[in-house]
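Since the structure comes first, as structure tokens, the remarks are kept for the end.
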Amino acid sequence: MAKKYYITTPIYYPSGNWHIGHCYTTVICDALARFHRMKGEDVFFLTGTDEHGQKIEKEAKARNITPLAFIDPLVAELKDMWRLLDISYDRFIRTTDEDHIACVQKIYQKLYESGDIYKAEYMGHYCTPCESFWTETQLKNGRCPDCGREVTVQKEESYFFRLSKYAPRLLKLYENDPEFLQPKSRVNEMVNNFLKAGLNDLCVSRTTVKWGVQLPFDQDHYAYVWIDALSNYISALGYASENDALYKKFWPAELHLVGKEIVRFHAIVWPAILMALGEPLPKQVYGHGWLLIGGEKLSKSKENARPELTEPYELVKRYGTDAVRYYLLREIPFGSDGEYTTERFIGRINADLANDLGNLVSRTQAMIAQNFGGKVPPRGESEEPDGELIALCEALYSKVDADMGALNAPAALADIFEVISRANKYIDETMPWALAKDPAKRARLGTVLYNLAETVRIVAVMLKPFLTKASQAILASLSFDENAGFDTLAFGTLREGAAVEKTAPLFPRMDLKKELAEVEKIVKKARKEGEKLAKKEGSLPEQGADGVPQTKPAIAIDDFAKIELKVGEVIACERVKKSEKLLHETVKIGEEVRSVVSGIAKFYTPEEMVGKKVVVVTNLKPATLCGVLSEGMILCAEDGAGNLSLVSPERLVESGATVR
Ligand code: ME8
């Protein structure tokens, strides 16, 4: 029976603003899934979306639509992105899928019945954007230790999971199974920062957030999003359902690949839940590093995610699926962070794909066309330096297999490209163009070109998990089976006489300067469009023609009374995609939460805005600015030079207070 291989990505928050950082986990998982399939293993590759929780509930409310109406287009966008990147998942799970919801309810019921979930009063510090509760000691300067935003104190009757009970077993797990969590540095973090201090029981239900899975034993309570989300790894296989054949076959997973910021949930909470359920643990959780821009995590809520530059759709459109996959798989040292720049991206593609791989393929095709009428010549007798090239080709699979076993795609690609470089050097050493001039050397020329074609074929087979498009094109150009697996790797498999076609250059060389200028143009154009849209759709504050504030006619007090002004507190803030001027604030006004767009991005960063008390015009007709709903206007003072400064109450007042 074939070996099974179950691999998962985290499930994504459907928040839009996708950037290549998001693609990192999934592209690596895809390469691993494809690699294991080619080994003949029975692979199940899972990805999906994490759709419940307060954030979604609020976003939908702010737009006056249902959560699903808000989420569905984003899920479609994500699926489209995975299609563009050739992601070969076996299931795309949504936490709103019926079978998932039923499974989460069964998990809660089981844990409640076994006493691992119990009811008590909860008070904690909640970070809404991160959907995380923190204890007093975990806060950093009173703020969320993950994102630095303000937290709110929340108190309610809740259900708790006895996480504390599992701390000793978790510590043992880390002692006895060094493979469970990788890389090693993350183990130290879990053990020293969390486990050694002992664990608190985890609050696993909410009454305030209704967009979630209702608990089967208490209808007023809804599942905590992280328990809901983590359960996807087994609900997707039919755990605790009538149809649990996939679960029986594929669980435990070989690998949960996740970003380092969510290791805590996967390496502490998730194994404890599984222990409580009496189910086996995944064999490995791997916490990978981040894609950085300017030294900071590329992030949708920070200004560094310039959509025109980092949106996967744009990148694939400009450079192709393989270039984006290659960059992600090759450039970032596995386990560490890696900086993204256009220069590095173009540099990588030019050096490796256009020069090394592209040249090897096109030179081989051209020389076979020129000298052997486009047919693979006979292999003939080997002589030096053929042996070294052949030996490298023959050793390649076991090297790449070891690399992929260690999840090290950059090392696997480095090994494949070592063969490519060796083959290019082989061309320089054997000088086929000189052999072609001497009729007595025709057999030798045939051998050299055979060896090159065969190396190209082997390299193409090995590249299939990584470069999904180019590998197919190369194999097709050699009239070799595009579905070829690793069982075709023996050197000498390529048939004499097989047609070799010349293909268009696989990766045209890019001019970095031109590319940078082009990218700058795209950014400028996108920003201009954003501003135009903002002006057309909404009401950015107009200035007088010369920047001098316009004098308006006097109004009666009744006119002024028509304006409703209230104090609000900004609880979340992000930049508006494609706009230089706009910020999108989530403002809490008393009990109400509103989405507000304001033209202050040049004067305030999103991080600065969070926690600020502002004055909001609350009875302004809603408008859409750059596609984002605005349900009010934040008041600012504007100086003669057009600089804006927020208007705030001078003394501490509650949000919701009236301004008059
Ligand atoms: O965390 N570099 O979802 P998510 C590398 N819903 N990886 C990055 C990245 C960057 N700059 N930015 C994001 C969640 N990612 C939860 C998971 S699982 C039960 C629930 C990665 O949409 C991130 O590390 O915020 C994670 O692996 C994935 O994108 C999804 O992140």
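Brief remarks follow.
- Residue check, Leu475 surrounded by 20 or more Cβ atoms within 10 Å (Cβ to Cβ), part of a helix (DSSP H, G or I) and touching a residue at least 24 places away in the same chain (Cβ under 8 Å): no
- Verdict on Tyr239 being under 20 Å from Lys4 (Cα atoms) and within 12 Å of the ligand (Cβ to nearest atom): no
- Filtered by the rule that a residue be among the hydrophobic types (A, V, I, L, M, F, W, C), touching a residue at least 60 places away in the same chain (Cβ under 8 Å), away from the ligand (no atom under 11 Å from the Cβ) and outside any helix (DSSP H, G or I), region 11-55 gives a lone residue, Phe44.
- Residue match in region 268-286 (condition: more than 17 Å from the chain's Cα centre (by Cα), within 11 Å of the ligand (Cβ to nearest atom) and not aliphatic (A, V, I, L, M)): yes
- Per-region count, region 376-392, residues surrounded by 14 or more Cβ atoms within 10 Å (Cβ to Cβ) and not in a loop (DSSP other than H, G, I, E, B): 4
- Qualifying residue in region 304-317 (condition: of a type outside the set (Gly, Ala, Ser), part of a helix (DSSP H, G or I) and under 25 Å from Leu170 (Cβ atoms)): no
- Of all residues in region 183-204, none are under 22 Å from the mean Cα position of the chain (by Cα), under 30 Å from Asp42 (Cβ atoms) and away from the ligand (no atom under 16 Å from the Cβ).
- Where Tyr224 falls short, out of the listed (1) farther than 25 Å from Pro168 by Cβ; (2) without any contact (Cβ under 8 Å) to a residue 40 or more places away in the chain; (3) not small (Gly, Ala, Ser): (1)
- Boolean, Val187 is β-branched (Val, Ile, Thr) and in contact with a Cys (Cβ under 6 Å, 6 or more places away or on another chain): no
- In region 1-10, the residues that are out of contact with any Lys or Arg (no Cβ under 7 Å at 6 or more places or on another chain) and either buried (at least 22 other Cβ atoms within 10 Å of the Cβ) or not in a loop (DSSP other than H, G, I, E, B) (or both): Tyr5, Tyr6, Ile7, Thr8, Thr9, Pro10
- Where Ser336 falls short, out of the listed (1) modelled with pLDDT under 90; (2) within 12 Å of the ligand (Cβ to nearest atom); (3) among the polar types (S, T, N, Q): (1)
- Some residue of region 91-101 being outside any strand (DSSP E or B), more than 18 Å from the chain's Cα centre (by Cα), surrounded by 22 or more Cβ atoms within 10 Å (Cβ to Cβ) and within 13 Å of the ligand (Cβ to nearest atom): yes
- Among residues of region 232-280, those that are assigned to a loop (DSSP other than H, G, I, E, B) and without any contact (Cβ under 8 Å) to a residue 24 or more places away in the chain, counted: 4
- Residue within region 641-655 that is of a type in the set (Lys, Arg), under 18 Å from Ile65 (Cα atoms) and either touching a residue at least 12 places away in the same chain (Cβ under 8 Å) or out of contact with any Ser or Thr (no Cβ under 7 Å at 6 or more places or on another chain) (or both) present: no
Results for (1) within 17 Å of the chain's Cα centre (by Cα); (2) modelled with pLDDT of 95 or more; (3) closer than 22 Å to Ile234 by Cα, shown as yes or no for each residue.
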| position | (1), (2), (3) |
| --- | --- |
| Lys4 | no, yes, yes |
| Ile7 | yes, yes, yes |
| Tyr12 | yes, yes, yes |
| His19 | yes, no, no |
| Thr25 | yes, yes, yes |
| Ile28 | yes, yes, yes |
| Arg34 | no, yes, yes |
| Arg37 | no, yes, yes |
| Asp42 | no, yes, yes |
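- If the condition is being of a type outside the set (Phe, Trp, Tyr) and either touching a residue at least 60 places away in the same chain (Cβ under 8 Å) or surrounded by 17 or more Cβ atoms within 10 Å (Cβ to Cβ) (or both), then region 281-294 contributes Leu281, Pro282, Lys283, Gln284, Val285, Gly287, His288, Gly289, Leu291, Leu292, Ile293.
- Those residues of region 226-258 which are crowded, with 19+ Cβ neighbours inside 10 Å, out of contact with any Leu (no Cβ under 8 Å at 6 or more places or on another chain) and not hydrophobic (A, V, I, L, M, F, W, C), in sequence order: Asp228, Ser231, Ser235, Tyr239, Glu254, His256
- Qualifying residue in region 129-138 (condition: on the phi < 0 side of the Ramachandran plot, touching a Ser or Thr at 6+ places or on another chain (Cβ under 9 Å) and touching a residue at least 60 places away in the same chain (Cβ under 8 Å)): yes
The values are calculated or read from the model by the stated rules, or taken from the named source; none is laboratory data. Here the structure is a predicted model, which means the values were calculated and not measured. Every residue, glycine among them, receives a Cβ derived from its backbone with ideal geometry; neighbour counts consider all protein chains shown.
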